[in-house]
Amino acid sequence: MSKKLAGVLSACGSVLLSASLAMANAPSGDHPPDYSGVTGLYYTIIGLILAYGVYDTFLKKS
């Protein structure tokens, strides 16, 4: 279990530390900046939290 947790934590850390995903795209003309990188990062973090919740609730043997 600790190896799986270490793998998940390292994956989360690499996503959080990659600044290219969190930076907004440069605005073009009069349009506001595109925050699609930040949105993808948020959805990834929320998905990881939900996946851990499903694992903890249904799949973990105690």
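Each reported figure results from applying straightforward, stated rules to the coordinates on display, with no laboratory input. The structure displayed is predicted, hence computed values, not measured ones. Because the Cβ atoms are built from the backbone with ideal geometry, glycine has one as well, and the counts that use them run over all protein chains shown.
What to note about this one:
- Annotation: amide H of ASP34 within the under-5 Å range of ASN25, sequence separation 5 or more or interchain, hydrogens built in the peptide plane.
- Other residues with beta-carbon under 15 Å from the beta-carbon of LEU5 carry, at +1 per Lys or Arg and -1 per Asp or Glu, a net charge of +3.
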